[in-house]
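What follows is a single structure, written as structure tokens, with notes after it.
The values are calculated or read from the model by the stated rules, or taken from the named source; none is laboratory data. Please read all numbers here as calculations on a predicted model, not as lab measurements. Methodologically, a virtual Cβ is constructed for each residue, glycine included, from the backbone with ideal geometry; neighbour enumeration extends over all protein chains shown. Keep in mind that these areas ignore ligands, DNA and RNA; they rest on the heavy atoms of the full protein, side chains included. Shrake-Rupley method; radii C 1.70, N 1.55, O 1.52, S 1.80 Å.
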Amino acid sequence: VFGAWLINKLITWTKTTHIGFRNFPALGLALFFLAACAMSIINNENILLGFKYWLRPLLFFYLMFIVLPYDMIKTQKRLFAVLRIMLIVGAAVMIMGLFSVATAEGGWFAHRAVPYSFWGFSPLGGNHNAIAEVLIVTIPILLIFILEERRAKVKNWLVLILGALMMTTILTYSRSGWLALLVEFIIILAVYYRKKWGKQLTGFVILCLVMLPIIFYLSLFQNLNLIQSSNSNRLMSSQIAMENFLQHPIIGNGLNTFQKLIGSTFVYFVDFGDPLDSHGFAQKLLVEAGSLGLIGYLGILGYCFKKYIDGYRQAESEKNKNIILAFTMMLIALVVFELFSTSYFIARMWLPIGVGLAGARILSMKNEV
């Protein structure tokens with residue numbers, strides 16, 4: 001797809017003799033980020049492997065998941081076609097997760113929503129966090145269609161599906177997913193009830209009472225040996241990451257070196273065995289690309305957030321404002337999720353952000369309904 005798009009652009013540029021970069025959002029910040037990451041390659045033992053990682057996933061995620069959707073999604077019709085596809089994918093992932101809950105064997109902890117394998121093939125890949133991350137994107141998208149729907153019966157069904165999505169997210173037992181879901185819920189409350197806190201106090205108290213059993217359940221969940229071991233693992237890897245960051249605080253230790261640096265620490269290897277990649281983009285970038293790399297990455301995220309807010313303010317209709325708000329909610333939830341997960345350079349994080357960026361531009365245009 002990108003190849004076809006690039007050929008089209010080259011033909012267009014040849015005819016106009018003018019290369020336009022208007023449809024390359026956050027280009028300056030992206031170049032800064034990529035340059036910072038390129039500088040860190042000098043600390044890689046294998047320069048070629050470092051350059052390969054620079055091409056993919058770093059350059060890849062900007063071109064494929066930000067530039068491509070931003071340039072190709074130019075109308076509301078196309079935007080909603082993409083959102084419908086994302087919604088269908090999210091619903092399929094939800095069904096996959098619920099099926100794994102129903103067919104699992106073992107104790108209660110084994111009955112969790114995870115990617116289901118069909119004869120050894122897992123379409124989604126990853127673990128329970130992959131399910132949770134897809135669903136926290138699907139929930140705001142479904143809210144958009146609930147707002148759009150005028151038929152009461154269809155809207156009721158969509159609300160039921162929304163409840164199923166939230167329940168499946170909880171059943172993943174993904175703490176990152178729970179936190180992202182909570183953030184989305186808080187954003188909805190903050191926006192829609194910011195002027196009605198006094199009137200909504202009774203409902204808020206009832207909500208707190210409903211949440212008490214869930215909070216009690218989560219407190220028991222935190223005491224599991226598996227969870228305590230995971231916490232200790234992340235704490236130690238963060239400490240080792242900070243020590244390595246201080247060795248090269250500006251340009252980092254080299255691309256894709258996090259696991260090697262963690263695994264070479266004897267204490268970690270004895271306690272936890274083979275290392276995992278960084279659970280959080282902050283540690284990952286500080287270790288591998290230094291403070292410059294993290295600043296560039298945060299700059300791209302900040303640019304996207306600003307464009308969402310600008311689109312919200314410029315949108316003329318309340319409906320368009322609500323849709324852009326859903327995109328903003330999705331962006332914030334994804335950032336919160338990736339503070340503790342490993343999908344910080346791939347499609348599950350950046351494709352929804354790129355689609356939302358295109359949507360914010362379209363819906364803030366004059367005369368758009």
Hey, can you find the accessible area per residue of segment 290-347 for me, probe 1.4 Å, expressed in square angstrom?
-> 36 Å²
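Summarise the accessible area of segment 99-191 (1.4 Å probe, protein heavy atoms) by the percent that is carbon and sulfur. Don't skip to the answer; put the middle values down first.
Values: 3270 of 4590 Å².
The nonpolar share, carbon plus sulfur, comes to 71 percent.
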Solvent-accessible heavy-atom area per residue, rounded to whole Å², over segment 1-106 at 1.4 Å = 59 Å²
Cα-only radius of gyration and Dmax that characterise segment 1-130, units Å = 20.7, 66
Both in Å, the radius of gyration and Dmax of the C-alpha trace of segment 27-76 are 13.5, 48
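Which order do peptides 235-242, 1-8 fall in by mean Cβ count within 10 Å, highest first?
Details: 235-242: 16.9, 1-8: 10.4.
Descending mean neighbour count gives 235-242, 1-8.
So, counting K/R as plus one and D/E as minus one, what does the shell of residues with Cβ under 10 Å around ASN23 add up to?
On the way: positive: LYS9, ARG22, LYS74, ARG361; negative: ASP71.
After counting each charged neighbour, the total is +3.
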Take the alpha-carbon centre of segment 87-132, take the same for segment 38-72, and report the distance between them in whole Å.
-> 30 Å
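Restricting things to Cα coordinates, could you compute the convex hull volume per residue of segment 48-186 in Å³? Don't skip to the end; give the middle numbers.
Details: hull volume 22.7 nm³, N = 139.
Roughly 164 Å³ of hull volume per residue.
Quick one: which of 351-358, 37-44 comes out on top by average Cβ neighbours within 10 Å, and what's the full order, highest first?
351-358, 37-44
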Too long at a 21 Å Cα-Cα cut-off: which of LYS52/LYS284; LYS77/LYS321; LYS9/LYS321; LYS284/LYS306; LYS9/LYS52; LYS74/LYS307?
-> LYS9/LYS321; LYS284/LYS306; LYS9/LYS52
